[in-house]
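Structure first, commentary second.
The values are calculated or read from the model by the stated rules, or taken from the named source; none is laboratory data. This is a predicted model, so every value here is computed, not measured. Don't worry about glycine lacking a Cβ; one is built from the backbone with ideal geometry, like all the others, and counts go over all protein chains shown.
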There are 2 protein chains.
Amino acid sequence: MNNSTTIQDVAKEAGVAASTASDALNGKSHVSEETRLKVVQAAEKLDYRPHPGAKHLSSGVAQNLGLFVSATRKHVFSSTGFFNKLIKGIHEAVEGTDYSLSLQMSETESGAADKLRSLAGSRSLGGLIITHPTRNSELLDILESSDLPFIVLGRPERDALYVDNDNVEVGKVATEHLIEHGHEKIAFLSGPSRFTYVEDRLNGYRRALESNGLNFDEDLIWNSELVESAAYKTVKKKAQKKEFGGIFVAGDVQAVGAIHALKDLGKEVPNDVGLVSVCNSQLTMHFHPSITAVDLHEYWLGNWAADRLIQEIEGEGKGRPKVVVPGDLIVRESCGCRPEERD
Amino acid sequence: MNNSTTIQDVAKEAGVAASTASDALNGKSHVSEETRLKVVQAAEKLDYRPHPGAKHLSSGVAQNLGLFVSATRKHVFSSTGFFNKLIKGIHEAVEGTDYSLSLQMSETESGAADKLRSLAGSRSLGGLIITHPTRNSELLDILESSDLPFIVLGRPERDALYVDNDNVEVGKVATEHLIEHGHEKIAFLSGPSRFTYVEDRLNGYRRALESNGLNFDEDLIWNSELVESAAYKTVKKKAQKKEFGGIFVAGDVQAVGAIHALKDLGKEVPNDVGLVSVCNSQLTMHFHPSITAVDLHEYWLGNWAADRLIQEIEGEGKGRPKVVVPGDLIVRESCGCRPEERD
DNA sequence: CTGAAAGCGCTAACAA
DNA sequence: TTGTTAGCGCTTTCAG
């Protein structure tokens, strides 16, 4: 059980030198096909698995990817499902490679920078996936001035490797669905402008209105922090001043606050107001009414990010393409499409 | 930024040999206090951080803990919050140590054993926290026959290091609360018997009834898988055959199914039936009605488990105490205590 | 109590 | 294309 076959054993079995065995197993191009085959077979026969520590020490790269959760994104992870799906996606990309996935979090905003600095200097990570640190560029500054390969989850404002949804599309899809329901006055409850996706979704919202010949009304654009209570307060305040038939809410937790606020204002969702939100989470599924939302495909976000990061680490950087994950609409009750279902 | 001070540098700075510096930093007892101090100061001055790979290679133990999520516990993690709180607790225990935390999952039941075997032989883990693998002892067999230190989250049926709630207490607290509401006929919607906590909570339920002079009625003990749809079906079927005023539900996701089933049977929670569940999750918070539940203190489960595991790895095993995390009742609407609140 | 030397398993640089 | 040699940075003998 205690696998301790070394590359020496493999080399001996294959009748080659250790370094050759190493090169063969690591896909170096100068090894003959014949030799590679011998080595690979020997390795399989002996159930060889490279010692991660030794590999790390001699090659200088740790067989370990980090997922960094910055404090500013904390709410997302306390929310329902996003985190799990993301991790699942990352995990399945990592599975089968020699890498493992480790979690790195920081509770406080100021702690995030320190943590990142520490991580960059700790040599314990081969690469890092970082949940997008909003417009605060300090975190990315730190990463860029280190030699730790990284990929951003979410669109950063600078030139860096990242994976994100097409959030313009997200905004467009959500808004168009509301338009299809016949709503002409559609509010947008958005998040703090430090998130780049807020801007994108607003653009999508705007574009949907325009291409349907509807007016864009500044007074229907509301912002709140991404927690239920903030959304509740904002909607309670704004909604009584304006007429509207639909509302596009930027996040699932906010949607809950919005629905409660509307209810307290005497407006029922979906009968009086149609609502579409973002993130196909447990919360949107189980809330009453269940919430129609644009799926963020967190699994793929994570999966692609990890894949791309490993390419980067292994020097297969394909000209830094910005991969984009599209969003789909999950239709439930809150938009007014259909009654509650039960299994 | 690229921290590459080695222990040699530290030794030089402190005016001692590398091996002495190593011993000093690792708390070996034979180093004089004076020397240790010099070394520690030198290390701090130079911002020394041991190279994880080197440490791993030479000492044989990886600076990396694994959290293993077995397929049979998957539902728990797709549920709301348990996972996050657990990880947070583990993470904070690991923070400040030289260990990192990596996630290990398996999607399929059969895959779990393979994965674990592979993990045990991979030398990539210094220790493992495993979410309790129910009565299926195969997984623990694998671990025990390996030399990988591990701790179980949840009570296993064998003698092994573990951390768990006192689930008898959990059952007792929940049931007693229902009794305080004046209910005399209390159903228990439980989970599959392969989970040891099911048995424990049943015992707690029973004990609460007994100590209050209430009858135990076998027909009020129901079981379903830990998913919403299964709970729905079970309650729908069982609840129409029996009279009862309260129900204790073993899991938050089941509670949702139960409430829907009761509703479809014309019974409103909490007006017609008082309900108490387990796990202080987002779901219990946000569901309507919000669900009174026994807190499982997942944070502490994780935190203690990691702490204890590290002790084990470092050979400070304190006679294998079974640590137990107590549960508290979080009172919300479903039990009938109080009306909905809003911030 | 401290130091010198060897070696963990791997890969990198060089020779052949 | 392959093999030889020398470390990577740490801990671990084993002398002193």
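Condition (residue is surrounded by fewer than 16 Cβ atoms within 10 Å (Cβ to Cβ), within 11 Å of chain B (Cβ to nearest Cβ), at pLDDT 90 or above and more than 16 Å from DNA strand D (Cβ to nearest atom)) applied to region A:62-80: is it met by at least one residue? Scanning region A:62-80, I find no residue that is surrounded by fewer than 16 Cβ atoms within 10 Å (Cβ to Cβ), within 11 Å of chain B (Cβ to nearest Cβ), at pLDDT 90 or above and more than 16 Å from DNA strand D (Cβ to nearest atom), so the answer is no. Here region A:27-42 is the region considered, the condition is being surrounded by 13 or more Cβ atoms within 10 Å (Cβ to Cβ) and free of Cβ contacts under 8 Å to residues at least 24 places away in the same chain, and the residue that is farthest from DNA strand C (Cβ to nearest atom) is A:37. Among the residues of region A:20-38, which ones are more than 25 Å from residue B:120 (Cβ to Cβ) and either of a type in the set (Phe, Trp, Tyr) or more than 8 Å from DNA strand D (Cβ to nearest atom) (or both)? Within region A:20-38, A:27, A:33, A:37, A:38 qualify.
Which members of region A:1-40 meet the condition of being assigned to a loop (DSSP other than H, G, I, E, B) and closer than 30 Å to residue B:142 by Cβ?
Result: A:1, A:2, A:3, A:4, A:5, A:6, A:26.
For region B:270-311, give me each residue that is over 21 Å from residue B:233 (Cβ atoms), without any contact (Cβ under 8 Å) to a residue 40 or more places away in the chain and away from chain A (no Cβ under 12 Å). Within region B:270-311, B:295, B:311 meet the criteria. Considering (1) without any contact (Cβ under 8 Å) to a residue 60 or more places away in the chain; (2) more than 24 Å from residue A:132 (Cβ to Cβ), the lone condition that residue A:247 does not fulfil carries the number (1).
Annotation: residue A:328 fulfils all but one of (1) more than 14 Å from chain B (Cβ to nearest Cβ); (2) among the acidic types (Asp, Glu); (3) in contact with a Gly (Cβ under 7 Å, 6 or more places away or on another chain); the unmet one is (3). Taken over region B:249-269, residues that are more than 13 Å from every other protein chain (Cβ to nearest Cβ) and surrounded by 24 or more Cβ atoms within 10 Å (Cβ to Cβ) amount to 3.
Annotation: of all residues in region B:4-19 being more than 21 Å from residue A:123 (Cα to Cα) and not charged (D, E, K, R), the one that is farthest from DNA strand C (Cβ to nearest atom) is B:14.
Results for (1) closer than 18 Å to residue B:287 by Cα; (2) in contact (Cβ under 8 Å) with a residue 60 or more places away in the chain; (3) part of a loop (DSSP other than H, G, I, E, B), shown as yes or no for each residue.
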{"site": "B:205", "(1), (2), (3)": "no, no, no"}
{"site": "B:226", "(1), (2), (3)": "yes, yes, yes"}
{"site": "B:238", "(1), (2), (3)": "no, no, no"}
{"site": "B:241", "(1), (2), (3)": "no, no, yes"}
{"site": "B:258", "(1), (2), (3)": "yes, yes, no"}
{"site": "B:262", "(1), (2), (3)": "yes, no, no"}
{"site": "B:268", "(1), (2), (3)": "yes, no, yes"}
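Here the condition is being at pLDDT 90 or above and either among the polar types (S, T, N, Q) or farther than 30 Å from residue A:148 by Cβ (or both); of A:264, A:343, it holds for A:264 alone.
Looking only at residues of region B:135-182 that are assigned to a strand (DSSP E or B) and β-branched (Val, Ile, Thr), we find that the one that is nearest to residue B:65 (Cα to Cα) is B:151. Looking only at region A:183-203, residues that are under 16 Å from residue A:276 (Cα atoms) and not in a helix (DSSP H, G or I) come to 9 in all.
When residues in region B:3-19 are screened for being of a type outside the set (D, E, K, R), near DNA strand D (Cβ under 9 Å from one of its atoms) and under 26 Å from residue A:148 (Cβ atoms), 6 of them pass.
Take region A:9-26 and flag every residue that is buried (at least 16 other Cβ atoms within 10 Å of the Cβ) and of a type in the set (Gly, Ala, Ser).
Passing the criteria: A:11, A:14, A:21, A:22, A:24.
Among the residues making up region A:1-56, those that are within 14 Å of another protein chain (Cβ to nearest Cβ), farther than 18 Å from residue A:97 by Cβ and among the polar types (S, T, N, Q) are A:2, A:4, A:5, A:6.
For region A:125-137, the count of residues that are within 11 Å of chain B (Cβ to nearest Cβ) and either buried (at least 19 other Cβ atoms within 10 Å of the Cβ) or of a type outside the set (Ser, Thr, Tyr) (or both) is at least one.
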